[in-house]
Amino acid sequence: MNLKHHIGLVIAAPASGSGKTTVTLGLLAALKRRGLVVAPFKVGPDFIDPGHHARITGTTSRNLDGWMLDASANREIFSKAAQGADIAVIEGVMGLYDGYDGASDAGSTAQMAKWLGLPVLLVVDAKSMARSFAALVKGFAEFDPGLRTVGVVANNVAGERHIDYLRQAMTSIDVPLLGGIPRNAEIEIPDRHLGLFTADDHVLSDPDIYALADLVENHMDVTALLDSLPGVPIETAASANLPAPDVRIGVARDNAFCFYYEDNLDLLRQAGCEIVFFSPINDPEPPAGLHGLYLGGGYPELFADQLSENVSMRETIRDLCDSGMPVYGECGGFMYLCRYLITKEGASHEMAGVFSFETRMQPRLASLGYREIRLLSDTPIGPAGTIARGHEFHYSKWASAGESSDAAPVYGATDKSGADRGCPGWLKNSTLGSYVHLHFRSCPEIGAYFADACRRYKNEKG
């Protein structure tokens, strides 16, 4: 194994809502326009920001997570994805030092920066601030001596006089002020109940991307930032050749189903699976010759009409589940596998009907948090006793659809504190559904186990 040196940084903030996503997207666009190959990443379980990263850079954005994955797994994901790139840009999560609790940096952006040996660019919302801006930056830069802050960007700057005040305040601080970003509503990405609109729904046009690049280039000293970044050692190893695929996995991917950890798909490919994407909204039925199905999360509630009206797709998927095909549905995919989806307005939409449940949208967040799952019996993703980690984030609740269920609960679940959580996984034939988004790298055997289940199905069905 050799070590190559690249440059990289983590973009962080004192708190959520400070503007780190805007700065990240603008910096990605500026670096791409400069001809640099950029490897983007996102700290935390979020699916939406990585989609925007990929749209701008043309490169898959990977999730890094200090709770779902250990340090070695994060370093491996980072090193593999950063190979061949000129610069790695990691967008942080929440406030720089915010993690599991107030006693340590566990699970925080700061912890990830130290694990990867990367410096931090701090984005601070400077609205209604002048000299206090410097005090805040000084506190963040000196709070953890093991972390290096290479610069700060002021967001929500009111004008030239405002940025002059900030420069004056920063003269006594050993952190360079690299620029001030004015508020620019024209390039804001609207949000909804699970966060920002996805890259599929609010596709950044080329003019949008140029505007983001201009925003950063015109209001940040990007050259000074790049010159200040130290070399980062990246572990490189000979690329392992993927095995010739011998089973085909249909993966739902459209506006309704777009939440996937790319490493989950990679583990399936490494286990000999050919990934075939299809659309439950638009296609009349899944692709032919499949040996398994993977239905990820997303926004099925926003496309309930189209999903319900595509009767041939619903019926074919139900038939495949009834045939014993290994099927894994998480969150939105689980909702699609249930009998009905009921909107906040009370409209009922028929879904695939594999599980005799209904899922009903709520006016408020129904559940949010990390989950550790222990399988209570054998499933398509692992045998009884398998432990994996994931994340739960949804605005719907499940309930009986008024009929008896022949699905068995197969998840024992706890949150990051170890407290029991009521988020069961349900197994019927070889169909597994749950609200939890599992990160397969938390238990890499999942990919191989699901692939083997698909091979057994292939052999049984000839």
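Rule-based calculations on the coordinates, nothing more; no lab input. Because the structure is predicted, anything quoted here is derived from the model rather than measured. All Cβ positions, glycine included, derive from the backbone under ideal geometry; neighbour counts span all protein chains shown.
Once you have a ≥ b ≥ c as the square roots of the Cα gyration tensor eigenvalues for the chain, tell me rounded if a/c is under 1.5, and otherwise prolate or oblate according to whether a/b is larger than b/c.
Details: a/c = 1.99, a/b = 1.73, b/c = 1.14.
Judged from the Cα gyration tensor, the chain comes out prolate (a/c at least 1.5, a/b above b/c).
In segment 2-235, the DSSP beta bridges split such that about 25 percent are antiparallel, to the nearest 5. Between segment 132-150 and segment 165-185, the C-alpha centres lie 14 angstrom from each other.
Taking a ≥ b ≥ c as the square roots of the eigenvalues of the Cα gyration tensor of segment 2-235, is the shape rounded (a/c under 1.5), prolate (a/b larger than b/c) or oblate? Present the calculation step by step, with values, prior to reporting the outcome.
Details: a/c = 1.38, a/b = 1.12, b/c = 1.23.
Rounded is the answer for segment 2-235, as its axis ratio a/c remains below 1.5.
Other residues whose C-beta falls under 9 angstrom from the C-beta of N156 contribute a net charge of +1, scoring Lys and Arg +1 and Asp and Glu -1.
For each pair in K127/K416; K42/K397; K416/K461; K80/K138, compute the distance between the two Cα atoms and list the pairs where it is over 31 Å.
Working: K127/K416 35 Å; K42/K397 28 Å; K416/K461 41 Å; K80/K138 34 Å.
Over 31 Å Cα-Cα: K127/K416; K416/K461; K80/K138.
Note on the chain: helix-only mean residue ellipticity at 222 nm, from DSSP H runs of 4+ residues weighted -39500 (n - 2.57) and normalised by residue number, equals -9000 deg cm²/dmol.
The calculated FRET efficiency for the pair S312 and A211, based on their C-beta separation and a Förster distance of 45 Å, comes to about 0.60. Answer rounded, prolate or oblate for segment 1-131, using the Cα gyration tensor with square roots of eigenvalues a ≥ b ≥ c: rounded when a/c is under 1.5, else prolate when a/b is larger than b/c, else oblate. It is oblate, given that a/c is not under 1.5 and a/b is not larger than b/c.
With Cα atoms defining each centre, segment 100-125 and segment 52-68 are spaced 17 Å apart in the structure. If R0 is 30 Å, the Cβ-Cβ spacing of K397 and S104 corresponds to a FRET efficiency of close to 0.35. The angle between the Cα long axis of helix 160-170 and the longest principal axis of the Cα atoms of the chain comes to about 80 degrees, rounded to the nearest 10. Once the Cα atoms are used to define both axes, helix 20-33 deviates from the longest principal axis of the chain by about 80 degrees.
Where both bridge residues fall in segment 247-461, DSSP classifies roughly 60% of the beta bridges as antiparallel. Remark on H6: its backbone amide H falls under 5 Å from those of V232, I234, a criterion applied only to residues 5 or more positions apart or on other chains, H modelled at 1.01 Å from N.
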